[in-house]
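Visitor: Submitted below is the structure of interest, expressed as structure tokens.
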Ligand code: PMP
């Protein structure tokens with residue numbers, strides 16, 4: 001039976017049979033609240049009738065036409081909608097099949113931009129030690145997630161890492177958020193100067209970090225400072241919103257809350273909402289023009305890019321997210337989740353931090369709250385929480401990771417945007433029980 005190479009070998013998994021709204025049901029009839037949207041994927045809920053209808057209509061007409069020969073209404077309409085919703089300055093869209101592909105394409109766009117404009121010496125990528133940008137080699141080399149990188153070293157060269165904006169662990173107790181943001185921005189500038197500004201291609205960052213730390217947003221004016229430094233040194237700013245974009249944090253794009261526009265922005269997960277594998281790269285006119293006026297092509301491509309059924313699904317998902325009531329619910333339920341978690345877990349000796357934006361929330365667990373001492377990694381607290389939560393009918397996204405040599409157990413919560421108050425309360429109750437049970441094990 002078990003012919004699939006699963007990510008964790010030898011761990012039996014329940015078989016998902018059906019899903020509706022915020023619930024997934026397995027073949028044994030057990031129902032789970034999808035408290036993390038899988039990995040922050042499920043945005044408009046499971047089985048949304050409008051998305052299913054849009055997919056059916058597309059399937060009945062056309063499932064595939066290679067983008068070397070044709071474009072499609074579905075792909076064109078999706079691009080049009082994304083550009084309309086995106087911050088000013090992101091004018092074109094490249095459609096791919098997921099997050100890693102989006103980041104990989106973004107890196108190659110940045111590189112080709114400098115080659116087309118006669119600056120081939122710009123080749124270095126700077127990113128942050130805490131970030132995860134995907135599993136393909138370029139994206140993996142760019143990310144700083146030590147655990148995901150370690151088996152594959154040496155990765156691709158010419159990537160460099162600076163400190164994350166991670167106030168819980170790194171901001172001095174007498175340091176203001178502004179001073180902290182300035183310190184980190186200075187570190188980025190020092191790295192650019194060390195490498196030689198004329199050799200740096202791009203700085204890559206997640207506005208709200210997801211898969212390494214569980215919903216860590218930046219402090220004060222960190223990203224405004226980063227934007228300024230990138231501009232001063234001619235470095236492209238790539239924001240990876242694969243996890244935090246598409247309404248997840250309460251605005252369509254997370255960077256809106258940081259008050260900046262990147263040169264390139266990647267989205268995936270919530271864009272397809274789990275209905276189809278799809279990702280997108282949004283790019284500035286300057287980058288597009290460098291290709292159009294240069295070689296006349298973007299030297300990249302995947303067989304399934306711009307897939308019409310994926311585009312039709314995403315087009316409807318984005319339309320639903322863009323309705324005012326959807327983001328209003330993300331913000332209202334996000335606030336309820338934060339305050340409910342604080343009430344339930346805020347006094348726990350094992351909870352160091354509860355954080356995030358919108359329906360993108362993280363909990364950091366510690367063995368000693370005063371000292372912020374992490375649990376012994378060998379205890380695998382995060383894996384126990386995942387199992388304990390599933391046994392209580394809740395899907396959550398716990399993770400363990402090492403940042404700057406410090407191990408941490410984190411839980412990411414990212415339910416569908418359609419979640420209601422009673423379901424938020426159930427989520428809080430069950431994750432609290434799961435954390436207590438995991439620590440007691
Ligand atoms: N970037 C970020 C910020 C992510 O969180 C992820 C996935 N967790 C990726 C890229 C890679 O996306 P995918 O798994 O769809 O390839």
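Visitor: Helix-only estimate, please: 222 nm mean residue ellipticity of the chain, summing -39500 (n - 2.57) across DSSP H runs of length 4 or more and dividing by its residues, to the nearest 500. Provide the component values of the computation, followed by the final result.
Guide: Working: 14 runs with 168 residues, N = 441.
Result for the chain, helices only: -12000 deg cm²/dmol.
Visitor: A follow-up question, please. Arranged by the count of other C-beta atoms within 10 angstrom, fewest first, what order do 369, 392, 7, 323 take?
Guide: 7, 323, 369, 392
Visitor: Also, quick follow-up: According to the square roots a ≥ b ≥ c of the eigenvalues of the Cα gyration tensor, what is the shape class of segment 1-45, taking rounded for a/c under 1.5, prolate for a/b larger than b/c otherwise, and oblate for the remainder? Please report the intermediate quantities before stating the final value.
Guide: Details: a/c = 2.67, a/b = 1.55, b/c = 1.72.
It is oblate, given that a/c is not under 1.5 and a/b is not larger than b/c.
Visitor: Which of the peptides 334-346, 9-21, 410-422, 228-240 is most tightly packed, and how do the rest follow, judged by the mean count of other Cβ atoms within 10 Å per residue?
Guide: Numbers: 334-346: 17.7, 9-21: 11.1, 410-422: 24.3, 228-240: 21.1.
Put in order of decreasing packing, that is 410-422, 228-240, 334-346, 9-21.
Visitor: Taking the beta-carbon count within 10 Å as an exposure proxy, list 256, 80 from fewest neighbours to most. Don't skip to the end; give the middle numbers.
Guide: Numbers: 256 17, 80 12.
With the sparsest Cβ surroundings first, the list reads 80, 256.
Visitor: So for segment 317-383, what percent of the C-alpha to C-alpha distances run longer than 19 Å? Display every interim value, and only then the final one.
Guide: On the way: 1043 of 2211 pairs.
Result for the distance tail: 47 percent.
Visitor: Give the average over all directions of the projected area of the C-alpha convex hull of segment 1-148, one decimal, in nm². Each step should come with its number before you reach the end.
Guide: On the way: hull surface 54.3 nm².
The directionally averaged projection comes out at 13.6 nm².
Visitor: Related question: Once you treat every alpha carbon in the chain as an equal point and sum by Debye, what is log10 I(q)/I(0) at q = 0.11 Å⁻¹?
Guide: Values, matching the q order: -0.85.
Visitor: For 23, 166, which order do you get if you count the other beta carbons within 10 Å of each Cβ and list the fewest first? Could you put the intermediate results ahead of the total?
Guide: On the way: 23 18, 166 25.
Ascending number of Cβ neighbours within 10 Å: 23, 166.
No lab work stands behind these numbers, since they all come straight from the coordinates. Bear in mind that the values here come from a model prediction, so they are computed numbers and not experimental data. Every residue, glycine as well, gets a Cβ built from its backbone with ideal geometry; the counts of neighbours run over all protein chains shown.
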